[in-house]
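To start, the structure under review is shown below, and the notes come after it.
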Amino acid sequence: MSQLDETDVAPEHVRDALARILASKEFSGSARMQALLTYVVEETLAGRGADIRGKSIGLDVHGYTVDEIDKREGVVRVDAGRLRRKLAEYYRRDGAGDDLIITLPVGSYQPAISTGDLGDEPSKKIRIKPLGQAVALSVVVIGTVWGGISLFGPTPSTEAPSVDRREIYDISPARVEAVNLAQIGRDLIFPAVDPRRLRIALDVFQSVVATDPTYFGGHAGAAQVLATMSLVSPDRAVSQERLSDALDHSARALSLNPNAAWALSARAWTQFIVGDDAAARDLTIRATRLAPMEPHIHEFDALIALYSGDFDHVLEQRDLYDRFSSDGQSFVFQNVLGSALFHTSDHAGAIKAIEGAIADGAPFGPVPVAYLMAAYALSGDMAEATKLAALLSRTWPGVRVDVIWKRIVRDPAMVTDLTDGMAAAGWVAQVQPSQSDD
């Protein structure tokens, strides 16, 4: 087997070899192994192979928090061993005739790339021939890789031992700071119709990008916030500008880490906003499969399902939403569930879900108030409905839920259902100069 030097192989040839491996039967059923292999190869192509550590894999691939890394680094080593065995199996079978060989030398997380038959593992690191600014992913890899674990897993136990941050600064202090900031930003996105809250969230994600431009999470979060802001902005020119920026950030997030559930989820949200429902649905399905217990990924999946009128999907996820809500991980789910129940004419169920979220400490925003008001009116409790109508007009006089809903939802009947209920409660739209129905 001959070792390649920097003049012998270009990045696109490495990515072609990677794509063949990911599509093989040894790897096609293992998102975790796909994610790990893609990460170490792409980091090497970007010139950062020598800096790959178990801790950086824990952060970027497996989604461990800063406080979890120390006790989880052993899991990364086990996964690296599994990856070596899967690669060896691949080259014994489907990859036996491959011209380019990718291996993971024992004791290292930087892959070695060689030509010829697979024999002993090469003893030297490989330098890849540069190809312009060839750190962006090829289409074939983006299309092939579904693998990956969400950057952020379930909320860690408060009993987890704290780690001395200096232990992980060999990754990059900027990356650690960016990850921590991004978690703060994610917690600020909802309620999504609060412009002030969205601006704060955007400021946080812009700080993440400034801190570490190569961290995909900053771009994914910025994309989610900007796409949401484009929906609630009354100025159409501003709305289009924000949506364009959201698309740019979501594309950047995917180019940096195409196997991250958060990057896929952010792209799903932006695609939904631009009206490509098929692409949005495909992307959000991939994201939730990769991160089945990640609340943030399911938040946007739930919103896409609700706004597209897929109430069956929302109701099918009810047990999962209840689990997330009971763990205090998100209040979005109960409001989404309440809205879906409202549109299936279960007004009592809608009231129970939305009031349950409020009782548990959910942000009290204009959208859940509008649904609660309409549900009370249509269930015959006009006294409660009237109180809520007055509250909506008094507290959020400039927020036109009906106008926002016309922009978001796909089925006009959803708007009619809600506005009929709001009108029955006595709510009268306060038309603002910048918020018209056209």
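Structure values in brief
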read-out	value
Per-region count, the stretch 292-330, residues closer than 23 Å to Arg407 by Cβ and outside any helix (DSSP H, G or I)	3
Residues that are at pLDDT below 85 and aromatic (Phe, Trp, Tyr), drawn from the stretch 323-347	Phe324, Phe331
Tally of residues being under 20 Å from Leu290 (Cβ atoms), open to solvent by 10 Å² or more (accessible area, probe 1.4 Å), of a type outside the set (Asp, Glu) and modelled with pLDDT under 75 across the stretch 63-85	3
Any chance Ser325 is buried (at least 18 other Cβ atoms within 10 Å of the Cβ), among the polar types (S, T, N, Q) and touching an Asp or Glu at 6+ places or on another chain (Cβ under 9 Å)	yes
Members of the stretch 411-427 that are part of a helix (DSSP H, G or I) and open to solvent by 30 Å² or more (accessible area, probe 1.4 Å)	Pro412, Ala413, Thr416, Asp417, Thr419, Asp420, Ala423, Ala424
Search result, residues across the stretch 380-418 that are under 27 Å from the mean Cα position of the chain (by Cα) and under 15 Å from Gly365 (Cβ atoms)	Val401, Ile404, Trp405, Ile408
The stretch 359-379 - residue that is open to solvent by 60 Å² or more (accessible area, probe 1.4 Å) and among the hydrophobic types (A, V, I, L, M, F, W, C) and, of those, farthest from the chain's Cα centre (by Cα)	Leu378
Those residues of the stretch 24-34 which are at pLDDT below 85 and within 16 Å of Gly81 (Cα to Cα), in sequence order	Ser30, Ala31, Arg32
Residues (small (Gly, Ala, Ser) and not in a helix (DSSP H, G or I)) located in the stretch 262-291	Gly275, Ala291
Residues of the stretch 92-107 satisfying the condition of being within 13 Å of Arg20 (Cβ to Cβ), assigned to a helix (DSSP H, G or I) and open to solvent by 20 Å² or more (accessible area, probe 1.4 Å)	Asp94, Ala96, Gly97
Unique match (being closer than 20 Å to Asp60 by Cα and without any contact (Cβ under 8 Å) to a residue 60 or more places away in the chain) among Ala263, Ala280	Ala263
Residue within the stretch 174-182 that is assigned to a helix (DSSP H, G or I) and touching a Lys or Arg at 6+ places or on another chain (Cβ under 9 Å) present	yes
Pairs where the first residue, in the stretch 371-397, is over 12 Å from Gly421 (Cβ atoms) and the second is surrounded by fewer than 17 Cβ atoms within 10 Å (Cβ to Cβ) and modelled with pLDDT under 95, C-beta under 7 Å, 6+ apart	Thr386/Gly426; Ser393/Gln430; Pro397/Gln430
Subset of the stretch 21-42 (residues that are open to solvent by less than 30 Å² (accessible area, probe 1.4 Å), among the charged types (D, E, K, R) and assigned to a helix (DSSP H, G or I))	Glu42
Qualifying residue in the stretch 401-410 (condition: open to solvent by 10 Å² or more (accessible area, probe 1.4 Å) and farther than 23 Å from Asp277 by Cβ)	no
In the stretch 164-181, the residues that are closer than 18 Å to Arg48 by Cα and modelled with pLDDT under 55	Ile168, Tyr169, Asp170
Residue count for the stretch 418-438, restricted to those that are at pLDDT below 90 and among the hydrophobic types (A, V, I, L, M, F, W, C)	4
Search result, residues across the stretch 29-41 that are more than 20 Å from the chain's Cα centre (by Cα) and of a type outside the set (A, V, I, L, M, F, W, C)	Gly29
Residue match in the stretch 218-230 (condition: at pLDDT 90 or above and over 15 Å from the mean Cα position of the chain (by Cα))	yes
Residue selected from the stretch 196-242 under the condition farther than 13 Å from Arg186 by Cβ and among the polar types (S, T, N, Q), by the criterion surrounded by the most Cβ atoms within 10 Å (Cβ to Cβ)	Ser230
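The values are calculated or read from the model by the stated rules, or taken from the named source; none is laboratory data. Just so it is clear, the structure is predicted and the values come from calculations on it, not from any experiment. Because the Cβ atoms are built from the backbone with ideal geometry, glycine has one as well, and the counts that use them run over all protein chains shown. These accessible areas exclude ligands, DNA and RNA; they are computed on the full protein's heavy atoms, side chains included. Shrake-Rupley method; radii C 1.70, N 1.55, O 1.52, S 1.80 Å.
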